[in-house]
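Have a look at the structure below before the remarks.
The values are calculated or read from the model by the stated rules, or taken from the named source; none is laboratory data. Since the model is a prediction, treat every value here as computed from it, not as a measurement. Cβ sites come from the backbone with ideal geometry, for glycine too, and all protein chains shown count toward neighbours. Side chains included, ligands, DNA and RNA excluded: accessible areas come from the protein's heavy atoms. Shrake-Rupley method; radii C 1.70, N 1.55, O 1.52, S 1.80 Å.
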Amino acid sequence: MNTTNDQYAGTISISERAIAVIAAQAAETVDQVVSLAASIAEGVAAKLGRENLAAGVTAHLEGHVAEVTIRLIVRYGYRIPDVALQVQKIVKDTVEQMTGYSVAAVHVVVQGIDFTQPSAAMEMRDDHDR
């Protein structure tokens, strides 16, 4: 769904996909987020060569109010609720700043943990245990 705003010289429309791309880019700036988790359909589309900058994110618009769902992979060693809160804040702030819309909710779904790159805190703990 696109939301349209009538202005002096015409209309301005922001699509749900545009909101999702903004949210995806914002979420990926959080250091503890390894990647966004694409849905099965997004994964199949990627294999067919279709680039999707909003993979792992869906957005829904009702007028000038957005609701965003983000699926992500978190780096091992970090407290998941803290990472999710940080993602919620940065996504909400970024979408609101860039679009002028309000964000009613940012739902974070942690779909996995990446064990390949442990956090610095976990490495220090391992060094201390030796």
Would you please name the residue that is nearest to I14 (Cα to Cα), looking only at residues in region 60-73 that are crowded, with 24+ Cβ neighbours inside 10 Å and under 12 Å from the mean Cα position of the chain (by Cα)? V68
Tally of residues being touching a helix residue (DSSP H, G or I) at 6+ places or on another chain (Cβ under 8 Å) and part of a helix (DSSP H, G or I) across region 62-92: 3
Scanning region 1-45 for residues that are hydrophobic (A, V, I, L, M, F, W, C) and assigned to a loop (DSSP other than H, G, I, E, B), which turns out modelled with the lowest pLDDT? M1
Answer yes or no as to whether Q117 is open to solvent by 40 Å² or more (accessible area, probe 1.4 Å), within 17 Å of T29 (Cβ to Cβ) and at pLDDT below 95. yes
Residue pairs, Cβ under 6 Å, 6 or more apart or interchain, first in region 68-86 and free of Cβ contacts under 8 Å to residues at least 60 places away in the same chain and on the phi < 0 side of the Ramachandran plot, second open to solvent by 70 Å² or more (accessible area, probe 1.4 Å) and outside any helix (DSSP H, G or I). List them. T69/H107; R71/Q111; R75/Q117; Y76/F115
